[in-house]
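Derivation of every value follows stated rules applied to the coordinates shown; laboratory data play no part. Just so it is clear, the model here is predicted, and its values are computed rather than measured. Ideal geometry is used to build each Cβ from the backbone, glycine not excepted, and the neighbour counts take in all protein chains shown.
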Amino acid sequence: MDITALDINALPWEERYNEHLQKTLYRKNLITDPDTGMEIRVVKYPAGVINSRHTHPCAHGMYVLEGTLVTHQGSFGPGHFVWFPEGPEMEHGATAEQDVVVLFITNKPFEIHYK
């Protein structure tokens with residue numbers, strides 16, 4: 001079986017309009033495991049965009065590449081890895097001053113449910 005190697009810098013940002021937030025988020029899909037539904041992508045929240053209170057039926061982690069990730073339990077800069085367990089209410093996004101870019105990893109298929 002071959003490996004997958006992607007030049008993330010060469011991938012274009014995919015615009016994803018979020019109806020609930022009425023804002024556009026950006027992502028670069030890297031891989032989805034067809035057996036488990038696990039996903040890895042790069043996600044960019046523009047400055048000032050916070051994904052308001054929501055839950056997921058999957059756990060997910062965010063490794064901060066650029067900027068500061070603001071969450072309901074604190075703020076985290078580059079090099080921090082933040083793991084969100086499946087189920088609890090959460091919020092996360094960018095500071096008002098700058099975009100945040102994260103490596104986003106789920107443990108199974110991704111869904112979001114707003115409160």
Problem - In the stretch 8-70, the GluC sites (Glu not before Pro) that fall in loop regions by DSSP, at most 10 other Cβ within 10 Å - result: 19
Exercise for the section: Mind sorting 27, 16, 41 by how few other Cβ atoms lie within 10 Å of their own Cβ, fewest first? Expected result: 16, 27, 41
Fill in the blank from the handout: GNM on the chain, Cα springs under 10 Å; top mean-square fluctuation among 67, 93, 77 goes to 77
